[in-house]
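The values are calculated or read from the model by the stated rules, or taken from the named source; none is laboratory data. Here the structure is a predicted model, which is why all the values come from computation and not from measurement. Don't worry about glycine lacking a Cβ; one is built from the backbone with ideal geometry, like all the others, and counts go over all protein chains shown.
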Amino acid sequence: MTIQTEAEYRASMSRLEALDSNNPASLPEMEALGQALEAYEDSHGHAPVRPDSLIFRIERYMFEHRLKKQELAQLLGITNSRLSEVLNGKRAVNMDLGRRLYTKLNIPAEFVLMHA
């Protein structure tokens with residue numbers, strides 16, 4: 001299966017979403033659609049949507065690196081309570097923490113500045 005146009009891409013995405021993943025008979029079609037969609041995305045420069053929240057980026061880092069809040073706080077050199085306040089939106093990110101997010105978690109500085 002090959003997807004050639006944006007219209008075919010959208011139709012294939014709709015079809016994939018409509019298939020029942022609990023039905024074993026749907027699995028071969030789902031796999032074929034998934035591979036075709038991925039090939040189309042790769043060849044046409046589709047990129048995943050970037051998260052627009054600094055908190056989301058921090059939590060994603062924790063998830064990807066299998067870190068607990070305590071471990072992340074230690075990595076960033078801040079207290080657990082400060083990290084909790086930031087993640088709960090009760091405390092803003094200051095320049096010092098923003099610098100640590102950039103250097104330790106590789107979150108782009110521009111992103112940190114725009115969302116702090």
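Numbers at a glance
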| read-out | value |
| --- | --- |
| Index of the failed condition, residue 78 passing every other in (1) assigned to a helix (DSSP H, G or I); (2) more than 22 Å from the chain's Cα centre (by Cα) | (1) |
| Single residue of segment 36-93 satisfying the filter (among the β-branched types (Val, Ile, Thr) and loosely packed, with under 14 Cβ neighbours inside 10 Å) that is farthest from residue 115 (Cα to Cα) | 79 |
| Selected residue [in a helix (DSSP H, G or I), among the charged types (D, E, K, R), touching a residue at least 24 places away in the same chain (Cβ under 8 Å) and out of contact with any Lys or Arg (no Cβ under 7 Å at 6 or more places or on another chain)] from 38, 29, 59 | 59 |
| Residues of segment 14-26 that turn out to be among the acidic types (Asp, Glu) and not in a helix (DSSP H, G or I), as a count | 1 |
| The lone exception for residue 18 - which of (1) over 20 Å from the mean Cα position of the chain (by Cα); (2) surrounded by 10 or more Cβ atoms within 10 Å (Cβ to Cβ) it fails | (2) |
| Failed condition for residue 66, given (1) on the phi > 0 side of the Ramachandran plot; (2) in contact (Cβ under 8 Å) with a residue 12 or more places away in the chain; (3) among the charged types (D, E, K, R) | (2) |
| Segment 1-24 residues that are outside the structural domain of residue 37 (by TED's automatic domain parsing) and over 12 Å from residue 37 (Cβ atoms), paired with ones that are exposed (fewer than 11 other Cβ atoms within 10 Å of the Cβ) and aromatic (Phe, Trp, Tyr) (beta carbon under 8 Å, 6 or more apart) | none |
| Neighbours by Cβ (under 6 Å, 6+ apart or cross-chain): first from segment 93-106, in the same structural domain as residue 79 (by TED's automatic domain parsing) and over 17 Å from residue 63 (Cα atoms); second at pLDDT 95 or above and part of a helix (DSSP H, G or I) | 100/76 |
